[in-house]
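A short worksheet on the structure shown next.
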Amino acid sequence: MASLQIIAHQLGKRYRHSWIFRDFSHEFRAPEVYGISGPNGSGKSTLLQVLTGFVPPTRGKLKCEDSHAPGIPVELHPRLAYAAPYAEVYEYLTLRELLGLHLRFRPLYRGLTGEDFLRIAYLEGHEEKLVKTFSSGMKQRLKLALAILTQSEALVLDEPVTNLDSTAKEWYRELIREFNMDRLILIASNETSDFEGAGTLIHLPDFAPRLTL
């Protein structure tokens, strides 16, 4: 049973004189799916980046622990898989080269192979194409598959259905249902249908103009 937990206490993030969010506290524990909703500009993406340690908070405390050893910090990044529209992939590699590079560092779930990955992601036949030639929908499907199918204790998805058509949206939701695997999953989105299976839904208010106090 996964035991990863991320504990946020009074987190806030400010850029110059404006707060993106502030006074955010929550405990995220595996295995559970958390949905983070809110209007555009409410800070969903920034919150995910702070919670995962990619962006430092302006104030507050953030801890990542194993529930079997409370109080002892653990490093999140080796346990994390992350996908977002703004997270770039190496576009000047072919799909086969990109996947081979990824598999050198991170294994796939359930002993899946690279060929399994291509089949599940509906990318068979595109192995020798440069990723830069992919459509926006194909790139998003690639990013989602790399995150969801990679073995990890935490899965973080920001606006996962961006650039996906209705068929690909259903593909994504089926993938989440099949590969939740006792993970801690954080999903930020404007689409309520993305939160299917979420045990906890967190709504971020839009408190513009968020001037520094």
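Every number here is computed from the coordinates shown, using simple stated rules; none is lab data. Bear in mind the structure is a predicted one, so any value in this text is a computation, not a measurement. As a convention, Cβ positions derive from the backbone with ideal geometry for all residues, glycine included, and neighbour counts pool all protein chains shown.
For the chain, modelled as a GNM whose springs connect Cα atoms under 10 angstrom apart, the maximal fluctuation among Tyr86, Tyr15, Tyr122 occurs at Tyr15.
Listed from fewest to most Cβ neighbours within 10 Å, the set Met181, Met138 follows the order Met181, Met138. For the chain, set up a Gaussian network in which alpha carbons nearer than 10 Å are linked by springs, and say which option among His203, His17, His126 fluctuates the most. It is His17. For the chain, the longest principal axis of the Cα atoms and the long axis of helix 136-148 meet at an angle of about 70 degrees. Among Phe117, Phe54, Phe134, Phe105, the order by Cβ neighbours within 10 angstrom, fewest to most, reads Phe105, Phe54, Phe134, Phe117. Once Cα extents along the principal axes in Å is worked out from the coordinates, which option in (i) 60, 47, 27; (ii) 55, 40, 30; (iii) 98, 34, 26 does it equal? Among (i) 60, 47, 27; (ii) 55, 40, 30; (iii) 98, 34, 26, the one derived from this structure is (ii).
Neighbour counts of other Cβ atoms within 10 Å put Lys129, Lys61 in the fewest-to-most order Lys61, Lys129. At a Cα cut-off below 19 Å, give the lysines reachable from Lys139, other chains included and same-chain residues fewer than 8 away excluded. In chain and number order, the partners are Lys129, Lys169.
Within a straight-line Cα-Cα reach of under 14 Å, Lys63 can be paired with the following aspartates and glutamates, leaving aside sequence neighbours fewer than 8 residues apart in one chain: Glu27, Glu75. On a 0 to 90 degree scale, rounded to 10, what angle separates helix 95-105 from the longest Cα axis of the chain? Here the helix axis deviates by roughly 60 degrees. Taking Cα centre as origin and charging only the Cβ of basic (Lys, Arg, +1) and acidic (Asp, Glu, -1) residues, the dipole magnitude of region 4-203 rounds to 720 debye. Listed by chain and number, the aspartates and glutamates whose alpha-carbon sits under 13 Å from that of Lys13, ignoring those within fewer than 8 places in the same chain, are Asp23. Taking Cα atoms only, the orientation of helix 166-178 departs from the longest principal axis of the chain by about 80 degrees.
Taking a sphere under 11 Å around the Cβ of Ala188 and counting the other residues whose Cβ falls inside, with K and R at +1 and D and E at -1, yields a net charge of -3. Among Asp158, Asp116, Asp194, the largest mean-square fluctuation in a Gaussian network model of the chain, built with springs joining Cα atoms closer than 10 Å, belongs to Asp116.
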